[in-house]
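One structure below.
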Amino acid sequence: MSFSALKDVRILDLTSVVVGPVCTLRLAQYGADVIKLESPEGDLMRGLGGVSPSGEHSGTYLHLNRGKRNISCDLKSAAGREIVGKLVEWADVIVANMRPRALEKLGLDAQTIRDANPGKIYCLITGYGTDGPYSGRPTYDSVIQAASGVTGLTLERDGAPAYVPMLICDHIVGEIAAGAILAAIVEWRATGLGRSIEVPMFETMAAFVLQEHLAQHSFDPPVGRAGDRRLLTPNNRPTQTKDGWISFTVNTDKQVRAFLEATGREALVQDPRFATVGARAKNNDAWFEVRGAPLTERTTDEWLALFQRADIASQPCNTLEQLVRDPHLTAVGLLGEEDHPVEGRTVTIRPTIGFDEKYAPVGGFAQPIGWATESILAELGVSSASADSD
């Protein structure tokens, strides 16, 4: 049985690349009817996300655009404007991540739509909001990583800035936008009121970083340096073993004692610098030098077995090739396969949130450009002939 909490909610998806599709993917997984509108050229992520057999659907595009119906039209044409107008009327929620000025030119900005349709929920995901000095600037995930201080964290820890090698800002902000839309839907169901929502990537990620790393600067006057010192020490990293790398974390006093005993450092159990959480915080660099020392006398599997017996949280550092073969992920069926109408046999990733001990279905395949155009036009009462006439 599918999870259908949003089965009565219709969403017009005017987003592209990653941040917006992450948001609408989550809503589709909750049962919403999502129509993704693309230009004839298609979403940039169809090619930007990597090669594919046909060149039309990168792996990233396939995974972020499941469960959505796809319609294609030229928004600059009269026919395209008629179609999008019908789609706006049809939708309960409109989600966009185009630049505000571009939306205004197309008449697809929040004010224009909600002046005519005050009951609509409109969510705009922007780079920098609409009221600050950076408003309207172009941006992508890596630029937000830099601006929000994510790269500055690696600069302090490692001596050089570095990007997290995935589109982490897009994913975080997309999920937060989905949560904001869900809150608005709760209100809308109770009152019929619409909302204009704006989710700026820069401010959202800056807050995300500062919630952890404002740290000692959260007080006036500051009680120490900014930054969570546990995370910023160079020794807070995966640990080398005899045949690879392992990750483990020990935080409580009990876990620390178990770790020191398991690694043959019993003498340090009585060291006052490491005896309590507070003492380790005051001696952070010394503690992480102990904790991060190589463990090359045993293999990764041997350490994992030893740590498991000591109830220490630990896992191997999986490569991508190892991750897709992980025995836990295999057992719970995270990955599957299906036949795509254009790309052939493809891998699927099921939703990971369970409801009543069941997961939402994986949803239909990511559709080729305009795959559902004719059926959607019929639903909207627009003939395909008139749509093609302009």
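The values are calculated or read from the model by the stated rules, or taken from the named source; none is laboratory data. Everything numeric in this text was worked out from a predicted model, so none of it was measured. Methodologically, a virtual Cβ is constructed for each residue, glycine included, from the backbone with ideal geometry; neighbour enumeration extends over all protein chains shown. Keep in mind that these areas ignore ligands, DNA and RNA; they rest on the heavy atoms of the full protein, side chains included. Shrake-Rupley method; radii C 1.70, N 1.55, O 1.52, S 1.80 Å.
Tabulated data
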| quantity | calculated |
| --- | --- |
| Residues of segment 104-123 satisfying the condition of being among the aliphatic types (A, V, I, L, M) and touching a residue at least 40 places away in the same chain (Cβ under 8 Å) | Leu108, Ala110, Ile121 |
| Residues being on the phi < 0 side of the Ramachandran plot and modelled with pLDDT of 95 or more - total across segment 353-372 | 8 |
| Residues located in segment 210-226, provided they are part of a helix (DSSP H, G or I) and farther than 14 Å from Leu153 by Cα | Gln216, His217, Ser218 |
| Counted residues, segment 209-243 - those being crowded, with 16+ Cβ neighbours inside 10 Å, in contact with a helix residue (DSSP H, G or I) (Cβ under 9 Å, 6 or more places away or on another chain) and within 27 Å of Thr319 (Cβ to Cβ) | 7 |
| Residue in segment 185-199 that is assigned to a helix (DSSP H, G or I), over 30 Å from Ala5 (Cβ atoms) and open to solvent by 90 Å² or more (accessible area, probe 1.4 Å) present | no |
| Set Ala79, Ala32: member being in contact (Cβ under 8 Å) with a residue 60 or more places away in the chain and crowded, with 24+ Cβ neighbours inside 10 Å | Ala32 |
| Index of the failed condition, Arg46 passing every other in (1) assigned to a loop (DSSP other than H, G, I, E, B); (2) over 15 Å from Leu12 (Cα atoms); (3) touching a helix residue (DSSP H, G or I) at 6+ places or on another chain (Cβ under 6 Å) | (1) |
| Residue check for Asp131: farther than 25 Å from Ser375 by Cβ, without any contact (Cβ under 8 Å) to a residue 12 or more places away in the chain and not in a loop (DSSP other than H, G, I, E, B) | no |
| Residue match in segment 349-371 (condition: open to solvent by 30 Å² or more (accessible area, probe 1.4 Å), in contact (Cβ under 8 Å) with a residue 60 or more places away in the chain, β-branched (Val, Ile, Thr) and part of a strand (DSSP E or B)) | yes |
| Hits in segment 310-332 (condition: closer than 14 Å to Thr348 by Cα and under 21 Å from the mean Cα position of the chain (by Cα)) | Val324, Leu329 |
| Top-ranked residue of segment 149-177 - restricted to ones that are small (Gly, Ala, Ser) and surrounded by 21 or more Cβ atoms within 10 Å (Cβ to Cβ), ranked as nearest to the chain's Cα centre (by Cα) | Gly174 |
